[in-house]
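A quick write-up on the structure given underneath.
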Amino acid sequence: MSKKLFEEGKIGRLTIKNRSVMTAMGVGLAESSGEANEHIIRYYEERAKGGIGLIITEITRVEPKYGTGMLCQLGANDPKLIPGLERLADRVHRYGTKIFVQLHHPGRENKSAMIEGRQIVAPSAITCKVTQEEPRALTTEEVESLVKDFVKGANIAKAAGIDGVELHGAHGYLLDEFLSPYTNVREDKYGGSFEKRFTIMAEIIAGIRATCGKDFPISVRISADEFVEGGLTLEQTVPIAKALEECGIDVINVSSGIYESSTTIVEPASYPQGWKKHLAKTIREAVNIPVIAVNNIKEPSIAEELLQEEVCDFIGLGRATLADPEFIKKTKEGREDEVNRCIGCLNCFGSIGTLGHIKCTVNPRCGREVEFSQYEKNGDGRCVAVIGGGPAGMEAALTLKTRGFVPVIFEKADVLGGQLNLADKPVLKDKLGAYKNSLIARVKAAGIEVRLNCEATVDVVKSVNPVGVFLTTGGTPIVPGFDGVDGENVITAEEFLSGAKTVKDGSIAVIGGGNTGMEVAETLAYDGKKVSLIEMMDEIGRGLYRSVLVDYKIRVAKFDETICTGQKVLSIDATGVNVESTKDQSKSHIDADNVILAIGVKSENALLAPLKEAFDEVVVVGDAACPGRIMEATLDAVNRACGFLA
């Protein structure tokens with residue numbers, strides 16, 4: 001068991017039961033009015049129940065006209081919102097967890113569509129290269145009014161029994177925009193010198209202290225390095241941290257980046273754990289108040305290591321708590337192997353970006369805590385056969401077990417994992433392997449019977465006398481019908497990743513610019529191969545979160561990989577691939593000594609018809625029903641398992 005992670009800590013006069021902090025992430029679960037409803041309360045309650053010491057809520061608006069950052073976002077702008085926040089605080093406090101509300105204004109990192117068509121606002125009329133909307137510079141009077149809005153938000157939080165507040169001065173949002181010379185070229189009292197750029201922060205802190213008292217904890221989140229030319233650097237944020245301490249705040253929450261360097265805020269899978277620990281350590285050494293820091297943590301051991309190294313005083317856990325609300329509880333109980341690992345896919349942020357609520361690829365219950373707590377425990381020891389031991393099969397079995405059924409998993413391979421046993425093979429995909437291992441550990445801990453090396457047939461399944469069958473046999477590679485596909489120089493991505501077939505020396509064309517094709521191409525490029533990635537669409541990585549795609553392109557630009565988009569494959573020959581442009585129908589030839597097909601998969605459900613003849617209840621889930629991502633497969637599995645014989 002970790003040691004420092006479970007020591008008590010102090011933020012001002014507030015005692016935190018351990019050194020874990022769930023940092024703020026937008027979740028989109030509140031009412032559109034900003035009221036805390038049962039969905040967002042249950043979401044945070046699950047993390048409190050899972051052992052987190054301090055929860056910092058999602059971005060919480062203090063001014064709705066220009067400061068709404070999400071459609072269904074918590075609010076602290078109206079006294080009418082106090083009862084909902086009070087219920088939230090009470091439910092979190094039930095488990096000895098403390099809670100802060102993060103007060104926020106998006107500034108220029110917003111869209112006019114989010115604020116009923118009004119022009120977005122900022123310290124200066126400088127357009128964000130990501131949102132690409134020109135903001136209007138706030139007047140001096142408007143800034144003064146915003147100071148009062150932040151102070152009012154803190155008072156509303158305190159009145160609701162919230163333990164403290166955090167000012168979001170990071171990630172390129174409004175307060176950070178004032179602090180940074182990159183976004184603040186004002187000439188009034190709020191811009192110019194360091195002292196003037198800091199004025200809005202000083203005024204807000206002074207206002208909160210004057211109205212909420214000296215014992216009400218204040219945290220400020222900062223980007224210790226904005227990672228953009230002309231933006232704040234670590235050298236420049238050290239004085240900011242010192243000035244914040246002098247203003248009387250109680251804790252600094254260290255992060256990094258702005259929208260234009262977004263991969264440093266929410267890191268894709270390629271970023272190692274602890275990669276930016278130097279930022280927090282430098283800030284910590286410069287101040288005498290505690291430091292919270294995020295460091296892309298996926299493993300409990302890394303959290304403990306950073307505390308032992310005195311990088312920070314409190315460990316900031318973001319996506320780790322989405323993937324597993326019991327991250328801390330399991331670690332404390334010595335069950336680290338059962339911690340459900342974040343894989344860094346960023347589909348959580350993709351869900352928010354499409355105006356939905358928070359979701360997680362590896363935790364289908366994330367954002368659906370209310371729905372998935374409402375299932376019947378009516379299994380009564382009845383057996384259910386689960387055919388296929390991939391992520392969908394394991395999630396279905398775990399849910400059925402919770403409902404009181406006795407699932408039996410039939411897996412034809414000698415190990416559980418299904419397609420994850422291939423998906424973790426490409427370069428930089430070790431996190432998928434960790435996720436797979438945690439799933440297997442959870443199945444083992446639940447006492448679920450697993451029959452490996454067992455080809456499921458109707459007679460084999462009948463031997464366990466099940467009340468129903470879940471068919472989760474996944475998919476098989478699609479092999480298109482164009483000429484040359486059966487040539488000796490052509491293999492599938494599955495054959496390559498499994499090692500069943502290898503590529504000969506020379507150049508390689510990978511057909512299919514989806515996730516699998518990208519990973520195969522990058523793996524080969526890392527190995528020094530000359531690779532062409534061919535995709536018929538105008539862009540590779542369809543469905544991937546923008547930061548993941550940007551990060552991929554930055555990485556492969558260092559290698560001999562050519563991305564060929566808008567190219568329809570006509571045929572394959574011994575010297576490469578014949579293609580046609582989707583724009584002008586011009587034909588060309590892409591030279592390649594080897595060709596790898598990564599076009600996707602089709603459902604593998606040959607057993608479906610005989611199963612339906614033999615059993616009354618047959619449920620098809622995951623790729624066996626409809627090929628898709630892990631996210632869709634696991635959600636489908638849990639959903640259907642919750643509704644099975646209910």
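The values are calculated or read from the model by the stated rules, or taken from the named source; none is laboratory data. Just so we're clear, the structure is a prediction, and the values are computed from it rather than from any experiment. Here Cβ is always computed from backbone atoms with ideal geometry, including for glycine, and neighbour counts include all displayed protein chains.
Determine whether Leu175 is within 26 Å of Ser124 (Cβ to Cβ), under 27 Å from the mean Cα position of the chain (by Cα), modelled with pLDDT of 95 or more and not charged (D, E, K, R). So Leu175 fits the description; yes.
Count of segment 627-646 residues, restricted to those that are basic (Lys, Arg) and crowded, with 24+ Cβ neighbours inside 10 Å, is 0. When you scan segment 191-204, do you find a residue that is on the phi < 0 side of the Ramachandran plot, in contact with a strand residue (DSSP E or B) (Cβ under 9 Å, 6 or more places away or on another chain) and charged (D, E, K, R), even just one? Scanning segment 191-204, I find no residue that is on the phi < 0 side of the Ramachandran plot, in contact with a strand residue (DSSP E or B) (Cβ under 9 Å, 6 or more places away or on another chain) and charged (D, E, K, R), so the answer is no.
Just so you know, in segment 275-322 the residues that are in contact (Cβ under 8 Å) with a residue 60 or more places away in the chain and among the small types (Gly, Ala, Ser) include one that is surrounded by the fewest Cβ atoms within 10 Å (Cβ to Cβ), and it is Ser301.
The single residue among Val165, Val130 that is under 28 Å from the mean Cα position of the chain (by Cα), surrounded by fewer than 20 Cβ atoms within 10 Å (Cβ to Cβ), among the aliphatic types (A, V, I, L, M) and in the same structural domain as Lys98 (by TED's automatic domain parsing) turns out to be Val130.
Table: residues versus (1) within 20 Å of Ala24 (Cβ to Cβ); (2) loosely packed, with under 15 Cβ neighbours inside 10 Å; (3) touching an Asp or Glu at 6+ places or on another chain (Cβ under 8 Å).
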position: Gly67; (1), (2), (3): yes, no, yes
position: Val101; (1), (2), (3): yes, no, yes
position: Glu116; (1), (2), (3): no, yes, no
position: Phe150; (1), (2), (3): yes, no, no
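Residues of segment 150-185 being in a helix (DSSP H, G or I) and more than 19 Å from Ala36 (Cα to Cα), which ones? Answer for segment 150-185, where residues must be in a helix (DSSP H, G or I) and more than 19 Å from Ala36 (Cα to Cα): Val151, Leu174, Leu175, Asp176, Glu177, Phe178, Leu179. If you go through segment 495-518 and pick out every residue that is closer than 20 Å to Arg542 by Cα and either touching an Asp or Glu at 6+ places or on another chain (Cβ under 8 Å) or of a type outside the set (Ser, Thr, Tyr) (or both), you end up with 9. When restricted to residues that are farther than 23 Å from Asp324 by Cβ and buried (at least 21 other Cβ atoms within 10 Å of the Cβ), segment 1-29 contains 1. Tallying residues that are hydroxyl-bearing (Ser, Thr, Tyr) and in contact with a Leu (Cβ under 8 Å, 6 or more places away or on another chain) within segment 277-317 yields 1. In segment 551-561, of all residues being surrounded by fewer than 16 Cβ atoms within 10 Å (Cβ to Cβ) and touching a strand residue (DSSP E or B) at 6+ places or on another chain (Cβ under 9 Å), the one that is nearest to Ile265 (Cα to Cα) corresponds to Lys553. Please determine whether any residue of segment 619-626 is over 22 Å from Gln374 (Cα atoms), exposed (fewer than 14 other Cβ atoms within 10 Å of the Cβ) and not aromatic (Phe, Trp, Tyr). Yes: one or more hits. Return yes when Val621 is touching a Lys or Arg at 6+ places or on another chain (Cβ under 6 Å), at negative phi and in contact (Cβ under 8 Å) with a residue 24 or more places away in the chain and no when it is not. Taking the combined requirement at face value, the residue satisfies it. Of all residues in segment 584-595, those that are assigned by TED's automatic domain parsing to the domain that holds Val485 and without any contact (Cβ under 8 Å) to a residue 24 or more places away in the chain have Cβ atoms under 7 Å from Cβ atoms of residues that are among the acidic types (Asp, Glu) and outside any loop (DSSP other than H, G, I, E, B), 6 or more apart or on another chain, in Lys587/Glu580. Being in contact (Cβ under 8 Å) with a residue 40 or more places away in the chain, polar (S, T, N, Q) and farther than 30 Å from Asn155 by Cβ holds for only one residue in Thr263, Thr233, and it is Thr263. Restricting attention to segment 1-14, the residues that are touching a residue at least 60 places away in the same chain (Cβ under 8 Å) and farther than 15 Å from Ile302 by Cβ add up to 8. Restricting segment 403-420 to residues that are touching a residue at least 40 places away in the same chain (Cβ under 8 Å) and surrounded by fewer than 19 Cβ atoms within 10 Å (Cβ to Cβ), the residue that is farthest from the chain's Cα centre (by Cα) is Lys412.
Of the strands (runs of 3 or more DSSP E) that lie entirely inside segment 589-646, those containing 3 or more residues that are under 31 Å from the mean Cα position of the chain (by Cα) span 601-603. Among the residues of segment 451-464, is there at least one that is closer than 20 Å to Pro364 by Cβ and among the small types (Gly, Ala, Ser)? Looking for residues that are closer than 20 Å to Pro364 by Cβ and among the small types (Gly, Ala, Ser), one finds none in segment 451-464, hence no. Residue count for segment 30-47 satisfying the condition of being surrounded by fewer than 24 Cβ atoms within 10 Å (Cβ to Cβ) and either of a type in the set (S, T, N, Q) or farther than 17 Å from Asp78 by Cα (or both): 9. One residue is enough: does segment 140-157 have a residue meeting the conditions farther than 25 Å from Ile11 by Cα and in contact with a strand residue (DSSP E or B) (Cβ under 8 Å, 6 or more places away or on another chain)? Yes, segment 140-157 contains a residue that is farther than 25 Å from Ile11 by Cα and in contact with a strand residue (DSSP E or B) (Cβ under 8 Å, 6 or more places away or on another chain).
May I ask you to verify whether Asn578 is surrounded by 16 or more Cβ atoms within 10 Å (Cβ to Cβ), under 30 Å from Phe372 (Cβ atoms) and not aliphatic (A, V, I, L, M)? Spelling it out, it is not the case that Asn578 is surrounded by 16 or more Cβ atoms within 10 Å (Cβ to Cβ), under 30 Å from Phe372 (Cβ atoms) and not aliphatic (A, V, I, L, M). Where helices (runs of 4 or more DSSP H) fall wholly inside segment 1-119, the ranges with 2 or more residues that are touching a Pro at 6+ places or on another chain (Cβ under 8 Å) are 38-49.
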